[in-house]
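The values are calculated or read from the model by the stated rules, or taken from the named source; none is laboratory data. Everything numeric in this text was worked out from a predicted model, so none of it was measured. Cβ sites come from the backbone with ideal geometry, for glycine too, and all protein chains shown count toward neighbours.
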Ligand SMILES: [Fe+2]
């Protein structure tokens with residue numbers, strides 16, 4: 001546990017400079033893989049996944065640890081039903097806590113040491129899935145320093161004890177089911193700071209998408225987690241680590257989100273088809289940003305959320321137009337987003353076209369009950385005086401966030417300050 005006192009690898013200024021170059025072809029070859037998982041979706045998803053897992057394990061290996069939280073443990077009966085034909089032993093640990101404080105990991109590892117699972121099922125939102133990922137690392141590789149597992153390390157040698165890490169997302173946004181990253185809260189630093197652990201083999205090997213796990217989501221979480229999907233896909237699409245594969249995935253995730261999220265916000269649990277589409281969109285955006293990088297809307301949103309205590313998806317959604325605006329100075333990728341908003345920019349001067357796109361993005365955010373500026377925030381209401389005072393700290397956090405690394409256009413501390421200032425009313429974004 002001593003390692004938590006150190007800083008993570010991506011806060012090293014040299015690494016930050018170097019990672020900015022990763023958009024170049026020669027540097028990109030360091031990360032040659034596209035990482036994705038086996039997905040079972042829809043009504044038969046659970047039973048098909050059970051059959052698959054059964055086929056891959058010997059009889060004396062069939063031990064499943066369900067990792068959940070106090071809210072998601074109620075879904076266990078659905079898993080039990082899907083697995084009833086097969087002779088698995090189950091244990092449930094529901095000790096996950098939002099934001100993944102580090103001490104919960106130790107608790108999960110202890111359960112693993114007793115039960116010796118060959119399958120870990122993460123049943124929940126991003127915090128649960130991230131907890132399961134880090135528990136998996138610390139169970140199989142207790143000697144590893146989490147802060148020094150960097151993005152180019154690749155695999156670290158998991159899956160010798162836990163053959164399958166299965167994710168069953170219960171939201172439509174975090175994308176953690178499809179990423180090689182876990183975010184946890186370093187409670188040893190003051191103020192507490194979120195850190196990212198990234199390696200190939202914490203990508204869940206199996207994902208189960210079933211509308212039953214998401215259709216009762218309350219409206220605020222539909223909007224918030226849906227906006228997280230939007231931010232992942234847009235941020236990764238305009239970031240400099242993109243490739244044709246991730247671009248295709250991200251564009252489809254954006255298109256699906258623009259189409260289905262407003263429906264879901266309006267009709268909620270009645271719109272099962274909408275939930276199915278948003279589950280796919282969340283997964284695709286997860287793959288899309290995990291195989292590139294989330295954009296600077298996540299550096300801004302993480303920092304804003306940590307200091308102002310706001311919802312992750314609502315926070316990164318707010319800063320997504322800002323991320324596009326900042327990078328538009330050096331790339332034309334934003335133009336590919338226009339048709340997704342039914343925006344025809346043919347013949348328009350560049351600046352006018354860009355502003356029209358940013359305006360459409362803000363309209364979309366408001367349409368799904370998100371907040372397009374800090375002054376609009378309702379949960380919690382943010383006072384301008386408090387916000388202004390917090391800008392230097394938020395800017396510093398943003399500069400040291402892992403999502404700072406992949407911007408097409410490099411940023412310094414002062415740029416983040418200007419962006420935070422502009423976000424108060426978002427009338428004129430920093431270009
Ligand atoms: Fe996110």
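Tabulated results
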item	result
Residue 393 vs. criteria assigned by TED's automatic domain parsing to the domain that holds residue 328, free of Cβ contacts under 8 Å to residues at least 60 places away in the same chain and surrounded by fewer than 16 Cβ atoms within 10 Å (Cβ to Cβ)	no
Sole exception among (1) part of a helix (DSSP H, G or I); (2) in contact with a helix residue (DSSP H, G or I) (Cβ under 6 Å, 6 or more places away or on another chain); (3) at pLDDT below 95 for residue 240, by number	(1)
Selection count, region 397-418, where residues are free of Cβ contacts under 8 Å to residues at least 24 places away in the same chain and part of a helix (DSSP H, G or I)	3
Region 105-123, residues that are in contact with a helix residue (DSSP H, G or I) (Cβ under 6 Å, 6 or more places away or on another chain) and farther than 17 Å from residue 164 by Cβ	105, 109
Verdict on residue 372 being touching a helix residue (DSSP H, G or I) at 6+ places or on another chain (Cβ under 9 Å) and under 29 Å from residue 185 (Cβ atoms)	yes
Evaluation of residue 263 against (1) surrounded by 20 or more Cβ atoms within 10 Å (Cβ to Cβ); (2) under 28 Å from residue 357 (Cβ atoms); (3) touching a helix residue (DSSP H, G or I) at 6+ places or on another chain (Cβ under 6 Å) (one fails), failing number	(1)
Hey, residue 268 more than 24 Å from residue 183 (Cα to Cα), in contact with a helix residue (DSSP H, G or I) (Cβ under 7 Å, 6 or more places away or on another chain) and modelled with pLDDT under 95 or not	yes
Helices (runs of 4 or more DSSP H) wholly inside region 64-173 that include at least 1 residues being surrounded by 22 or more Cβ atoms within 10 Å (Cβ to Cβ) and within 16 Å of the ligand (Cβ to nearest atom)	126-140
Condition check for residue 278: within 16 Å of the ligand (Cβ to nearest atom), in contact (Cβ under 8 Å) with a residue 40 or more places away in the chain and assigned to a helix (DSSP H, G or I)	yes
Selection status of residue 221, within 15 Å of the ligand (Cβ to nearest atom), within 29 Å of residue 254 (Cβ to Cβ) and in a helix (DSSP H, G or I)	yes
Lone unmet requirement of (1) within 16 Å of the ligand (Cβ to nearest atom); (2) surrounded by 21 or more Cβ atoms within 10 Å (Cβ to Cβ) for residue 204	(1)
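Each row is one residue, and each column tells you yes or no for (1) free of Cβ contacts under 8 Å to residues at least 24 places away in the same chain; (2) more than 18 Å from the chain's Cα centre (by Cα); (3) over 20 Å from residue 417 (Cα atoms).
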| site | (1), (2), (3) |
| --- | --- |
| 286 | no, no, yes |
| 314 | no, no, no |
| 317 | no, no, no |
| 329 | no, yes, no |
| 337 | no, yes, yes |
| 340 | no, yes, yes |
| 344 | yes, yes, yes |
